[in-house]
Amino acid sequence: MSITIRHLGKRYGERVALRDVNLEVCDGELVCLLGPSGCGKSTLLNIVAGLLDPSGGDVLIDGESVVRTHPKYRGIGMVFQDYALYPHMSVEENVMFPLRVGEHRVARREALVRARRFMRLTGIEDLARLRPGSLSGGQQQRVAVARALVQEPRVLLLDEPLSNLDARLRLSIREEIRRIVKATRVTTVFVTHDQEEALSIGDRIAVMDRGVIQQFAAPQDLYLDPANLFVARFMGSPVLNTFCLSYDGGRRVLAGDDFSVPLGVLDVSRFRRPVGEAESVLAAGGCVLGVRPEHFHLVGGSDGLADAGADRFPVVFGTLVESVEMIGRYAVVHFTADDERCRCVVDVRRAPRAGDRVLVGLDCVSVHVFDADGGRLY
Amino acid sequence: MAGGVRGWLARVGSYSAERQPRAWLLLLPALACIGVFNVLPLVRVFVMAFQSGSLRHLRFAGWSNFVAVLADPSFVRALVNTGVFACVTVPVGLVVSLMLAVAVDSRMRGSRVFEALLFVPYLTSVVAVGVVFRYLFNGDFGVVDYVLSLVGLGPFDFLNDPRLSMVTLCVFGVWLSLAFNIVILLSGLRAIDPLLYRVADLYGASAWERFSRITLPQLAPMITFLSIMDLINAFKVYTEVYVLFNGMPGVADSAVTAVFYVYDKFYVQGRYGQGMAAAVVLFALILVFTLLQSLLVRRLSR
C-alpha cells in the first residue's frame, strides 16, 4: 500500500506550514519525517490521516486520491504523541475500540479475538484488564500501537510516539516498533524530531524544514551526503562545525583567519558542479565550510601527540582546548577556530585536558562546502 | 499536670515541620461557632425528639413523638411527596442539564453567552424566581397554560388544582437544579481531552458512540457528585413549596413536604417534640438513601 504525496501545500492564513511537498512511500516501507518543531512534519501527517485539509495538492493511497475521503475510509491507524488512550476503558477495551464503533463495527466476540492477536504481538496480553492509568509509559505506548493496528490498516501513522518515554525505554521501544511494523508489513510514516531515532528506525528519512522537504534519502546518505547545509547541520551529533570562508580566486584557496583550504586538496570527483562553475559561485558569495567532528584530528600537542602524523593532513592549525566532554567511548573536545566554537571527537584514552595547546589536522577530502544559500557545492 | 501544660506550651512554641499544634488556636474561633450553631442544635434535635411540652418545660416523652408523627397521614403524605419530588427532579434535572451542557459545549456561536444566561438562575433568589413562576403558572393569565392551550391541552390551574401541585413543584424543582448542574457538567466537559474525540473520529464513531463511549464515562465522577448533591437538596425541599404556593403547602396540603411538615409542627403548631421527631426520621431517610446511592454508583462505575 503505497502513499504518494503530490505538490501538497498547507497554509494557515498568512503562515505557510507546507510548501509543495512531494513524497513517495513504497509498500511496507517505514519512512520517518524528521525535522525541528514547527517544520510541518505533524501537519503533513495529519493531512495524510485526514485530520487536516490540505490547501493544495493531493494525497494518494494506493494510487487513489484520499483528500476528500473521511479518515475512517482511508484505512489508517494512528498513534498520537500522548497516546490518547481512553482512561475509563481497560487495555482490552481500548484495543477493541476501533472495531467496536462506526459502520464496520464487528461483534464483541470477533473484536476480542482480533484484539488479542495484536495484544500478543505487542506483548500486552497480561495487561488486558488494567486501566491505562496504572500502566507505565512504555506499556501505554504498546497499547496505543496495538489499537492503531487492530483494524489492520493499510497505513500506520505515528506522531512522535516516543517523545514521552525516558531515554532507555525509547531505545527498546523503537526497536520494538520496527519489529512490529515489519512483522505486519504495514506501510508506516513515523514523525520525530530526534535524528538518532529516525536514523535507527527508518528505511528512508525525509528531513523537513520550514514546510519543505530538504532531503529524502536512506539514513546513511543523509549523513554522508547531505543535500544542503540544513540537513548537514541537522544530522549528526555532535553537530557539524561550520566556518564562513571567503574565496581567494588568485591563490585558489578558501581563506579563513586561522586556516585556509586550498581547492587543490579537495577531491575533484566530489564536486556537485563542474569545478569552474563552483569557483565562480564561491567567488561571488564566499562559502560555508562544514566539518564533521570526526574529521578534525588532534595531531600534536603538549603531551606527546606529535607523532600522530601532522604531515598526513594538508591543513593543520594550532589551538587551545577549552573543555573536554566525556561521552563514553569517545570524548568531545571543544576549541575555537576562526572565531567559531568547534567540537571534535577523539578516543577517550587520547583526550587532552582543558587548557592544553593542540595541533588540529583537517581531513580535507571529507569536508562539505556549501554556497552562501546553503546549497551543497562539495 | 502543670508540667503537661508547660510541655504543651513548649511544644506549641517550638517548630516542627509536620506537627503544628498552633493551628488549633487559629481554628478555635471557627470551631467554636460551628460547635455552638451547628453541632449543639443538631444534638438538641435528637434530644428534643424524645421530649414534649413547651420549650421552657420540656419533659421526657419516650417514643411517643415518633408514634404520633408516623401515624399522622399528613406526615406520610409529606414523605411520599418528598420522595416523589426527589425521584423525579434528580434524574430529570440531570438529563436535561446534561443535554443543555453538551449543546452549549459544542462549538456553537455565542455559546459563552448561553453559558452565562444558564448560570443566572443560580444567582437569583429562589423567592424572586418563585414569584415569576407564580405568574407563569397562573391559571387565569399564565403563559404556560396559554402555550399548552395552543397545542390543544388544558386548561390547567397549576397552582390551585391539588392534583397538579406536585407536577408544578417538580417542574419548578427541575428548573432550579439546572444552573448548578450545567456549570459543573460544563467544567467536566471542558476537561475531556479533545484528542479522545479525534481518535474516535479516525475510527468513524458516530455522534451517539462518541457521547456514550467517551463523554458519559468521562463525566461519571461529575454526575455522581451532582446526583448525591441534588438528592440531598431534593430531600430538603421547602423554600420552593413556600414561594410557589404563597406560604402554603399547596391547596389542601397537596404539596406538603417533609421539611415543610417539620416547620409547620415546630413554628405553627408549637409541637416541638413532634417536629424534631419528624426531622430525625427525615435525617435517617436521607442517610439511608445517600448510602444506597453511593453503593449503587460504586457498583455501576466498576
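Every number here is computed from the coordinates shown, using simple stated rules; none is lab data. None of the values given here were measured: they were computed from a predicted structure. So basically every Cβ, Gly included, is an ideal-geometry build from the backbone, and we count neighbours across all protein chains shown.
Taking beta carbons within 10 Å but only from partner chains, what does the mean come to for residues A:368-375?
Details: counts 0, 0, 0, 0, 0, 0, 0, 0.
The mean count of partner-chain Cβ atoms within 10 Å per residue comes to 0.
Under the rule of -39500 (n - 2.57) per DSSP H run of 4 or more residues, summed and divided by the residues of chain A, what mean residue ellipticity at 222 nm is obtained, to the nearest 500 deg cm²/dmol? Walk me through the numbers on the way to the answer.
On the way: 9 runs with 94 residues, N = 378.
Per the formula, -7500 deg cm²/dmol.
For chain B, take the alpha-carbon Rg, divide it by the Kirkwood Rh, and send me Rg/Rh. Let's see the in-between values first.
Working: Rg = 24.9 Å, Rh = 23.1 Å.
Rg/Rh: 1.08.
So which lysines can residue A:10 reach, going by Cα to Cα under 26 Å and dropping same-chain residues fewer than 8 places off?
A:41, A:72
Less than 30 Å apart at the alpha-carbon level, and either on another chain or at least 8 residues along: which lysines does that give for residue B:265?
Partners found: B:236.
With an 8 Å cut-off on Cα pairs and a minimum separation of 6 or more residues, tell me the relative contact order of chain A in percent.
On the way: 792 pairs, mean separation 57.3, N = 378.
Result for chain A is 15 percent.
Averaged over A:97-104, how many beta carbons belonging to a partner chain fall within 10 Å of each residue's beta carbon? Could you put the intermediate results ahead of the total?
On the way: counts 7, 6, 1, 4, 13, 8, 2, 2.
What the average comes to for A:97-104 is 5.
If each DSSP helix of 4+ residues adds -39,500 (n - 2.57) and the sum is divided by the residues in chain B, what number results at 222 nm, nearest 500 deg cm²/dmol? Before the final figure, lay out each step's value.
Working: 15 runs with 207 residues, N = 302.
Calculated from helices alone, the mean residue ellipticity at 222 nm is -22000 deg cm²/dmol.
Ratio of the range A:3-233's C-alpha Rg to 2.2 N^0.38 Å, to two decimals? Don't jump to the answer; show the numbers that get you there.
Working: Rg = 17.5 Å, N = 231, 2.2 N^0.38 = 17.4 Å.
Working it through for the range A:3-233, the quotient is 1.01.
When chain B is modelled as a GNM with alpha-carbon springs shorter than 10 Å, which of B:46, B:137, B:37 fluctuates the most?
Greatest mean-square fluctuation among the candidates belongs to B:37.
Just counting partner chain Cβ atoms within 10 Å, what average do the residues of peptide B:191-201 show around their Cβ?
Details: counts 0, 1, 5, 1, 6, 6, 1, 7, 14, 7, 8.
Going residue by residue through B:191-201 and averaging, the value is 5.
What number results when the radius of gyration of the range B:89-189, computed over Cα atoms, is divided by 2.2 N^0.38 Å?
Numbers: Rg = 15.3 Å, N = 101, 2.2 N^0.38 = 12.7 Å.
The reported ratio for this selection is 1.20.
Ignoring solvent entirely, what values of log10 I(q)/I(0) come out of the Debye formula for the range A:238-378 at 0.10, 0.13, 0.19 Å⁻¹ when each Cα is a single scatterer?
Rounded to two decimals, the profile gives -0.34, -0.56, -1.07.
Arrange the peptides A:143-152, A:20-29, A:201-210 so that the one whose residues have, on average, the most other Cβ atoms within 10 Å appears first. Show your work: numbers first, answer last.
Numbers: A:143-152: 24.5, A:20-29: 16.8, A:201-210: 22.4.
Final packing ranking: A:143-152, A:201-210, A:20-29.
Explain nothing, just the number: relative contact order of the range B:73-300, from Cα pairs under 8 Å at least 6 residues apart, as a whole percent.
On the way: 250 pairs, mean separation 65.9, N = 228.
Normalised by residue count, the contact order of the range B:73-300 is 29 percent.
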